[in-house]
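The values are calculated or read from the model by the stated rules, or taken from the named source; none is laboratory data. Values in this document were obtained by computation on a predicted structure and should not be read as measured data. Every residue, glycine as well, gets a Cβ built from its backbone with ideal geometry; the counts of neighbours run over all protein chains shown. The accessibility values were calculated without ligands, DNA or RNA, using every heavy atom of the protein model including side chains. Shrake-Rupley method; radii C 1.70, N 1.55, O 1.52, S 1.80 Å.
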Amino acid sequence: MKNSTASLCTQRNAEMLYKIEEKAEVFEKLEPVEFKDFSSFGKLEKDLENLIANSILDVLFEDARLMPVFQERQWQAEADIYALNENGELVIFELKRSSAGKDAVHQALRYAQDAGQWSYQKLEKKFKEYSKGEMSLVEAHREAFSLEHELDPKEINNKQHLLVIGSAADESLTSSVDYWKKNGISIDFLPYRIYELAGEKYFEFFALPYDKHKNPSDVKGVLFDTNRSWDENSIWSMMGNSRLEAYGDAKRFVHHVHVGDIVFFSHKWCGLIAAAKVKGEVKAPDSETLYRDVEFLTPIPNRKDNKLLAMPFSEVSSKTGKSFFWARTIKVPYLTKSEALELVEELNNYLHRT
């Protein structure tokens, strides 16, 4: 029996986009659509890196629990993106703008070999430079994954996982990845393609089997951070104006919720304080802010009250049966419409009891 994981690259690479040829309202045949890569448009590898780095956690790996540690620096022999998973293992992304041959695998293996020898102190230094903060790596990791205790520094970076991203892998890359998989190396290849349709460009990405993309047209439930770290009073702007807001580098996340979605306002150190239905398009009152209008489905918190009622994060996880990635502005995983409506009911019951 053929090894299913070893054949994964070949199976993914066979996927394509097809135009349906229709005649008299009958679907008659499929016509493959030409695809391109970044080099086709004169774009650099750094352009691909930035596009994926900006989208990797909230679009391409929307349900993945990954904490970014740092990105490649200019003129440094480093992989493009480094992240930690919940177990403290290092996930290394190597990106190629066009076909990724076996040299990409050898390069990624060298990066993994180097990274595997980094001390905790060295990795923490890279993280602090990347995050522009002073929080220790184990403290940030515990907070990101809502762990009861911090990992011991010795538990960080005990194992490395490799992901090579490129366009239209050749046979040498596929066989190289298969070879290293069979020898116990955690490595995979994720191909991308770019299509030009009616003058617009579309990015197609083949995520790993455990990363389940949701149809953007489906109503979803989203736990959305109130940006308390940005501004202690931002919550009252949202509550008073019936808005979902985000600021600074996090403002892009407002584009990730859509009209009809149900949002739960997640207030740091407290819990869920309210739920609302999104009803407005994205607006920009200033260069640092984006927002959408919402209609509240629970009581609206008032700053004149003596205390802020909130359903604790632990109870949210218990009620939904899900483990959320609390470090993000958007707390993945998303909820289905039915799950979101059930949580609205639970949140209303909780707020009325307290």
Quiz prompt | Loop-located trypsin sites (Lys or Arg not before Pro) in region 102-171 whose Cβ has at most 14 other Cβ within 10 Å (DSSP) | solution = LYS132, LYS159
Self-check item: Cross-link partners of LYS126 among lysines (Cα-Cα below 17 Å; sequence separation of 8 or more within a chain)
Solution: LYS154
Self-check item: Spin-label zone in region 118-149 - amide nitrogen under 20 Å from a point set 7 Å from the Cα of ASN87 along the C-beta vector
Solution: 118-120, 138-139, 141-149
Quiz item: Which length gain, in nm to one decimal place, applies between THR354 and ASP293 when the Cα-Cα distance is subtracted from 0.36 nm times their residue separation?
Solution: 19.2 nm
Quiz item: Tell me, what % of the accessible area of region 279-327 is carbon and sulfur with a 1.4 angstrom probe?
Solution: 44
Quiz item: Rolling a 1.4 angstrom probe over the protein heavy atoms, how many square angstrom per residue are accessible across region 78-154?
Solution: 49
Quiz item: Considering only the other residues whose Cβ falls under 11 Å of the Cβ of ASP225, what net charge follows from Lys and Arg at +1 and Asp and Glu at -1?
Solution: +3
Exercise. Work out, step by step, the length gained on full extension between SER242 and ASN50: first 0.36 nm times the residue separation, then minus their alpha carbon distance; give nm to one decimal.
Key: 65.8 nm
Practice problem: Pick out, from LEU137, TRP118, LEU151, the residue whose Cα sits farthest towards the positive end of the charge dipole of region 110-155, with +1 on the Cβ of Lys and Arg and -1 on the Cβ of Asp and Glu. | Solution: TRP118
Quiz item: Amide H to amide H, which residues 5 or more places from LEU84 or on other chains are under 5 Å from it, using H placed in the peptide plane?
Solution: MET67, VAL69, VAL91
Self-check item: Å² per residue, accessible surface of region 200-354 at 1.4 Å
Solution: 50
Self-check item: Approximate spin-label separation SER175-ASP152, in nm, with each point projected 7 Å along Cα-to-Cβ
Solution: 4.4
Quiz item: How much net charge surrounds ARG303 when only other residues with a Cβ under 14 Å from its Cβ are counted (Lys, Arg +1; Asp, Glu -1)?
Solution: 0
Quiz prompt | Projected label distance in nm at GLN121 and ALA198, using a 7 Å step from Cα toward the beta-carbon | solution = 5.9
Quiz prompt | Radius 11 Å from Cβ of ASN158, net charge of other residues (Lys, Arg +1; Asp, Glu -1) | solution = -1
Self-check item: Nearest-0.05 FRET efficiency for HIS258 and ASP114, computed from C-beta distance (R0 35 Å)
Solution: 0.25
Self-check item: Positive-end residue of PRO312, SER242, THR336, charge dipole of region 240-354 with Cβ unit charges
Solution: PRO312
Quiz item: Within region 225-255, what residues put their amide N at less than 18 Å from the label point 7 Å along the Cα-to-Cβ vector of LYS277?
Solution: 242-244
